[in-house]
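Here, each number is a calculation from the coordinates, and none is a lab measurement. No experiment lies behind these values; they were computed from the predicted model shown. So basically every Cβ, Gly included, is an ideal-geometry build from the backbone, and we count neighbours across all protein chains shown.
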Amino acid sequence: MQPTSDLAPEKLAKSLLRRSRQGALATLMSGSGDPYCSLVNLASHPDGSPILLISRLAVHTKNILADSRVSLMLDERAAGDPLEGARIMLSGRAEEAGDERDLLQRRYLNAHPSAEAFVSFKDFSFFRIQPTGTHLVAGFGRIVDLKPEQFLTDLAGAEDLLAAEEGAVEHMNADHRDAMGLYATKLLGAAAGDWRCTGCDPEGIDMQDGQIALRLDFPERVTNGTALREMLVRLVGEARAKAG
């Protein structure tokens with residue numbers, strides 16, 4: 001498996017956004033404007049922007065409702081010295097879910113199934129961080145500022161794929177867990193496990209075993225359900241060929 005630190009800056013930032021399940025969220029204290037930092041769970045929108053499920057009783061939510069400006073730090077949790085691993089500091093505004101609530105809930109619960117127990121609580125709401133930029137630190141001498149268009153996935157023209165995503169994820173998890181295992185072990189070099197699909201988008205699929213998340217990039221962009229099926233069949237063929 002290629003070390004993530006060897007990826008181009010744009011691809012590394014995208015990978016961290018897709019694979020991260022926790023992060024440090026910084027908000028501004030209501031009234032004083034003092035910085036406040038907290039640990040949050042997160043998932044990703046089809047374009048890669050972070051999704052949060054947070055309680056209105058929490059200080060960070062009260063801060064967001066008063067001033068939506070936030071920053072989020074994500075790191076790859078590399079073994080050894082954590083400062084040697086790649087990390088991003090993403091800035092943006094946290095917006096409460098509107099018309100996309102069902103999408104945000106589905107994507108979040110795919111990544112955090114245990115949240116099903118409290119997702120319906122009245123004080124909990126979904127928020128999506130709309131990035132304004134990110135600061136990537138990927139090792140000595142590799143520090144880059146990126147614009148949103150450099151690390152988010154362009155969804156233009158992919159409406160058919162997005163409409164097919166929910167069914168595709170359910171189908172892969174119900175009928176093709178063997179394929180998910182092959183993607184993880186043969187194409188990404190991961191250990192065998194109970195790998196399941198958590199999302200699809202024009203540039204790749206996300207998979208997870210417990211809290212370990214992986215990203216499998218497509219060799220080319222797909223924008224509809226038919227192209228997605230063809231790509232998944234193609235990739236499982238490549239994985240089986242590597243399996244010998």
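Our note on the geometry: Cα centres of the stretch 87-153 and the stretch 168-244, 22 Å apart. Taking the helices alone, the chain has a mean residue ellipticity at 222 nm of -9500 deg cm²/dmol, built from -39,500 (n - 2.57) per DSSP H run of at least 4 residues and averaged over all its residues. Peptides 161-169, 113-121 ranked from most to least packed by the mean count of surrounding Cβ atoms within 10 Å: 161-169, 113-121. Protection proxy ranking of 133-140, 203-210, by the mean of other Cβ atoms within 10 Å over each peptide's residues and highest first, is 203-210, 133-140.
Largest GNM mean-square fluctuation among LEU228, LEU103, LEU214, using the chain with Cα springs under 10 Å: LEU103. Which lysines, on any chain, are close to LYS186 with Cα under 20 Å apart, when same-chain ones fewer than 8 places away are left out? Straight-distance partners of LYS186: LYS242. Return the FRET efficiency for the residue pair ARG240, GLU166: r is the Cβ-Cβ distance, R0 is 30 Å, and the value is rounded to the nearest 0.05. Using R0 = 30 Å, I get an efficiency of 0.65. The equivalent ellipsoid of the stretch 60-150 has semi-axes of 28, 17, 12 Å, largest first, where each one is the square root of 5 times an eigenvalue of the Cα gyration tensor. Plainly put, the chain has a radius of gyration that is 0.96 times its Kirkwood radius, both from alpha-carbon atoms, as the Rg/Rh ratio. The alpha-carbon atoms of the stretch 108-244, seen along their principal axes, cover 45, 44, 33 angstrom, with the largest extent given first. Taking other residues whose beta carbon is less than 12 angstrom from the beta carbon of GLU203, and scoring Lys, Arg as +1 and Asp, Glu as -1, yields -2. Name the most mobile residue of ARG77, ARG21, ARG93, meaning the one with the largest mean-square fluctuation, in a Gaussian network model of the chain with Cα contacts below 10 Å. Answer for the Gaussian network model of the chain: ARG77. The long axis of helix 101-111 is offset from the longest Cα principal axis of the chain by roughly 60 degrees. The distance between label points at LEU109 and THR223 comes to 3.1 nm (points 7 Å beyond Cα on the Cα→Cβ vector).
For the stretch 1-143, the direction-averaged projected area of the alpha-carbon convex hull comes to 9.4 nm².
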